[in-house]
Amino acid sequence: MKHTSAPSGENNNEMVVTPWEVKGKVDYERLIREFGTQPLTDDLLKKISSHTDSLHLQLRRQIFFSHRDLDTVMNLYENGTKFVLYTGRGPSGPVHIGHLVPWIFTRHLQEKFGTRLYFQMTDDEKFLIDDDASLPETRKYAYENALDLIAIGFKPKDTYIIYDVEDMDLLYDITLEVAKRITYSTARSTFGFQDSTNIGWVFWPAIQAAPCFIHKKLTGENVPALIPAAIDQDPYWRVTRDIAQKLGYYKPAQIHCRFLPGLGAGGKMSASMPETSIFTMDPPEVVKKKIWNAFTGGKGTAAEQRKTGADPAVCSIFQYYFYLFEEDDAKLAERERKCRAGEMLCGECKTDLVGKLNKFLEQHRERREKAKDTIEQYHIKR
Ligand code: TRP
């Protein structure tokens, strides 16, 4: 993907985390400090689990690790004010497993808290920021990506997908109220806009803000939005939070997740590196090949690895078990122990994973196919 104006770090290993680019080794503690967010404390986790029976894997393993105002939202909830969920997707290409991770968690929240989800498909954003994108193409991916979203199991009654280009009439008045209150100076320093940035992109953040507030317009209820999303989206919420109360809304709250690493050495899973990403439509042989080529924490030879063990901390394969494919904490710990001890070699671990991944993808694709018949039920209800 070629960007019209992508603000970027100069040194290759330097961490860059913006809504358009994630590079280098991501230091999550540093992001909490620099973005000024809050870590998820044990107390807060306890509060959440009191409403969800047990703590979700993605909270137990700190895949969601940071927040803004989640405590406020929980307190309001306990006192009878509900919240709505809001998240989204920039439809620039096919969906990979890294995209599914926060959606799985979002579905869990929808189920446990009985809340409505607004989901924004930003076919407009991807058109504006990518030199090579066309609107028919981003709109087509919005439809394709929605099938993947629905396959996760969201409830149609409580799921409101907004396709920006098609549904802009619903967002436009809110977008204008937001845009009027954010200065160019604030937007430039938050997003790194340059003289060469097209003006559509400069205006665009007001459109991502709008779904935070749309619930009141549709229902008359003023409740906060809680946004589960990867932490790279945080700049949008900073500018939105600054103006929310001026417009008579709650500040939108966030719960931030990490990026699922790609299958290479370091770096997040990214559609621009297809060899190190598993897409939902990858056929079984392709999945197998990608996993067999993945970067692991293994040693040069089997004999050496049996003797000295391997390092799951740097292994891209182990991450898959951690993020998605080993729900049982005890079994995960046992896999880690065996790996470090040299009792289980990479081949066995990869074979297990190929099996689990392909089974998961097969079931996902079945539900995705069925979603073609129900997709209209998920379109924002006017
Ligand atoms: N900008 C996001 C992306 O490029 C898409 C998006 C829109 C989004 N609204 C959101 C993501 C809310 C998370 C939460 O992927």
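The values are calculated or read from the model by the stated rules, or taken from the named source; none is laboratory data. Model, not experiment: these values are computed from the prediction. All Cβ positions, even for glycine, are placed from backbone atoms using ideal geometry, and neighbour counts span all protein chains on display. In case anyone asks, the SASA skips ligands and DNA or RNA and just uses the protein heavy atoms, side chains included. Shrake-Rupley method; radii C 1.70, N 1.55, O 1.52, S 1.80 Å.
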> Are any of the residues in segment 12-24 among the hydroxyl-bearing types (Ser, Thr, Tyr), under 14 Å from the mean Cα position of the chain (by Cα) and more than 18 Å from LEU117 (Cα to Cα)?
Replying inline: yes
>> Looking at TRP237, TRP201, can you tell me which residue is touching a Phe, Trp or Tyr at 6+ places or on another chain (Cβ under 9 Å) and in a helix (DSSP H, G or I)?
In response: TRP201
>> Regarding segment 178-190, can at least one residue be identified that is open to solvent by less than 10 Å² (accessible area, probe 1.4 Å) and in contact with a Leu (Cβ under 9 Å, 6 or more places away or on another chain)?
In response: yes
> Do any helices (runs of 4 or more DSSP H) entirely within segment 272-382 hold 1 or more residues that are among the hydroxyl-bearing types (Ser, Thr, Tyr), and if so, which?
Replying inline: 302-308, 316-320, 346-374
>> List the residue pairs whose Cβ atoms are under 7 Å apart, where the first residue sits in segment 108-128 and is more than 21 Å from TYR236 (Cβ to Cβ), the second is more than 13 Å from the ligand (Cβ to nearest atom), and the two are 6 or more positions apart or on different chains.
In response: HIS108/HIS56; GLN110/PHE154; GLN110/LYS155; GLN110/ASP158; LYS112/HIS51; LYS112/THR52; PHE113/HIS51
>> Being outside any helix (DSSP H, G or I), open to solvent by 10 Å² or more (accessible area, probe 1.4 Å) and hydroxyl-bearing (Ser, Thr, Tyr) is the filter here; which residues of segment 115-148 pass it?
In response: SER134
> Can you name the residue in segment 202-237 that is surrounded by fewer than 16 Cβ atoms within 10 Å (Cβ to Cβ) and not hydrophobic (A, V, I, L, M, F, W, C) and, of all such residues, is farthest from the ligand (Cβ to nearest atom)?
Replying inline: GLY220
> Any residue in segment 89-97 that is open to solvent by 20 Å² or more (accessible area, probe 1.4 Å) and within 10 Å of the ligand (Cβ to nearest atom)?
Replying inline: yes
